[in-house]
Structure formats: structure tokens, C-alpha cells
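Chemist: Have a look at this one.
Bear in mind these aren't lab numbers, they're just calculated from the coordinates by the rules spelled out. Quantities reported herein were computed from a predicted structural model and do not represent experimental measurements. Counting neighbours? That spans all protein chains shown, and the Cβs are built from the backbone with ideal geometry, glycine included.
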């Protein structure tokens, strides 16, 4: 009997709150997962789980097993990962989540090369502009853009995230070009309303490093950057965007940088992982690959021609 594997399954059930979620994350059927948990309880002679209307919870005996068994399972998984890494094997299913636009524009084109490097790897990618809980959702890795709030996660910076203001030439012809940040208060501004709240306070710095904060407003708000960039292209206002999102539109002249003499603080693009002593080879493989491909100057920044 695979006692350690069954304990690992039991721990995954506790982490995710249901047998079905744990089974999916381990590529098992629900029937097999339930059978293995029953086998573990019979072998130990105790009940490990009890069910409420919403979630499974550990019994006192189950809580004791979780407390004492988690370290053992993690150590053995770490050892196995280390040995697999030494052998150069990248296998299993890698579950990744990232923002929709970034995933389509910059992750998707890299997949053929990455998957060719690792023919035994399976990839499950979830594109979502919401920030999801990696542990409860069963993800191995997230590529996140902006400030990181969860200190329990491990993050590696992949690239700088430069931001700027932009608008269409048509909008600027009709409404005029802002000369100072304070002028933005008199313009139609396109506001992102997402998981980090309503982002209507735009902060810019002049050449002397003095910060100027302007509360902006406009007739259009959205929870996705794609809709705001479409609105900007349509001449509906000024948008604050990451450069990676609009670089092609800027180079084509369909959008124009606004207030180029003022800077907006950079953020970062990060590979974010659940806290672990040893990152699985499949996760390390993708993180290293993305860091290699983005490099010190990411592809969207090369030959930018911006100030």
C-alpha cells in the first residue's frame, strides 16, 4: 500500500476542502480518491474526516495526522523532486494562472518551444484577470503583474512592468493634449476597476522626482485592460496601461504617449508560487524559461523609442 501517497491525498483534501478538488489536482478520479481515503482510515483504524454542509473537516485524529504527517510528506516530495531534477526529468501536470491579455500576448507564443523541451509535461493554463488563491485553487504557479500583497507566497521577478498614459491621435485632436498632470482632471480618463479596487488615483513624477497625484474620472470604467485599450483606440479617453499591453499600438501610431516627461512608477511581472522548501522541477522549468525569454530587456521594451 502507498501509505505516503494516501497521506498526501488526505492533506490535499484538507487544503482544497473537497475530495473532488483534490482528485482533480492529482489527476485522479473521485472514486479512486475516495477509495484511497477509505483505505487509509481502515488501515489506521480511525476516522480522519467528517463532512459539514459546505466543506470537509479533519477529526481530531485527522488533525493529528495532518500536523505530524505533513512534514514527512513534504520531505519525501522534496527528495523525490531533487532526484528527478538531478535526472533532468520534468513530468506531471503544471497548472498555471495569469492575466488574460498577458497570457495571450506573451505566454501563448512561447508554449511550442517550452513544450518541445519537455515532452513528458502536461500543461493546464487558466487565463483570468482576477487574483486567485493558488493553494485553494490548486495552481502550481501564477504570473502576476503589479504589486504583490500575499507575503505567504514565493515570488521571482521576471521583468519590469513599465506603465504610461496613452490616447488616440483623434482624441487628442478633439480634446487637446494635456501639458501637466493636473490637466488630466479635465479629460475623459478610462478607469480600471479590478481586484485591487477602483484605480482612479493616478500618480506621476516630474523630472525632480516630485509626485503629483490626480483623481481622474470619465464615462467609461472596466475590469479588463483590453476593453480600456479598445476604448482608447476608439478615441474615448486617456488610459493608464502597462507598456507590454499597448506597445504594438504605440509603434503603429494608433495610440500616442501622453505626458511623456512625467513618469509613472514601475511595478513588476512576477512568477508566484506557493511556499515550498523545494520547488517542483516542472515549476522551476517554466520559471527559468520565462526569465530566459524575457531577459533584462523584455521583448515588448526592445526598440521602444519611449522616454
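Chemist: Highest mean first, what order results for 229-236, 72-79 on Cβ atoms within 10 Å?
Modeler: Those peptides, ordered most packed to least, come out 229-236, 72-79.
Chemist: Go ahead and run the numbers for FRET between residue 265 and residue 193, Cβ-Cβ distance against an R0 of 25 Å, rounding to 0.05.
Modeler: Values: r = 20 Å, r/R0 = 0.80.
After rounding, the FRET efficiency stands at 0.80.
Chemist: While we're here: Quick check on the stretch 3-86: what are the equivalent-ellipsoid semi-axes from the Cα gyration tensor, as sqrt(5λ), descending, whole Å?
Modeler: Those come to 22, 15, 12 Å.
Chemist: Continuing with this model, one more query. Return the single residue from 208, 133, 296 with maximal mean-square fluctuation; model: Gaussian network over the chain, springs between Cα atoms under 10 Å.
Modeler: Highest fluctuation among the options: 208.
Chemist: Points 7 angstrom from Cα along the Cβ direction at residue 149 and residue 177: gap in nanometres?
Modeler: So the two model labels end up 3.7 nm from each other.
Chemist: Next question. Any chance you could list the semi-axes, whole Å, largest first, of the equivalent ellipsoid that the Cα gyration tensor gives for the stretch 162-264, using √(5λ)?
Modeler: On the way: eigenvalues 65, 53, 38 Å².
Here the semi-axes work out to 18, 16, 14 Å.
Chemist: With each label point set 7 Å from Cα along the Cα-Cβ vector, what nm distance links residue 51 and residue 89?
Modeler: 3.6
Chemist: Can I ask one more? Specify the angular offset, from 0 to 90 degrees and rounded to the nearest 10, of the alpha carbon long axis of helix 60-86 from the longest principal axis of the alpha carbons in the chain.
Modeler: That works out to roughly 70 degrees.
Chemist: Follow-up. In whole Å, how far is the Cα centre of the stretch 142-182 from that of the stretch 193-269?
Modeler: Result: 5 Å between the Cα centres.
Chemist: At 20 °C and 1.002 mPa s, what whole-number value in µm²/s does Stokes-Einstein give for the translational diffusion of the stretch 117-183, with Rh from the Kirkwood sum over Cα pairs?
Modeler: Reported coefficient: 129 µm²/s.
Chemist: Over the chain, with a Gaussian network built from C-alpha contacts below 10 Å, which listed residue (264, 19, 297) shows the highest mean-square fluctuation?
Modeler: In the Gaussian network model the winner is 297.
Chemist: Counting only DSSP beta bridges with both residues in the chain, what percent are antiparallel, rounded to the nearest 5?
Modeler: If I count the DSSP bridges inside the chain, around 70 percent turn out antiparallel.
Chemist: Along each of the three principal axes of the Cα atoms of the stretch 77-232, give the extent in whole Å, ordering the values from largest to smallest.
Modeler: 61, 31, 30
Chemist: Just how many % of Cα pairs in the chain lie over 32 Å apart, if you round to the nearest whole percent?
Modeler: 41
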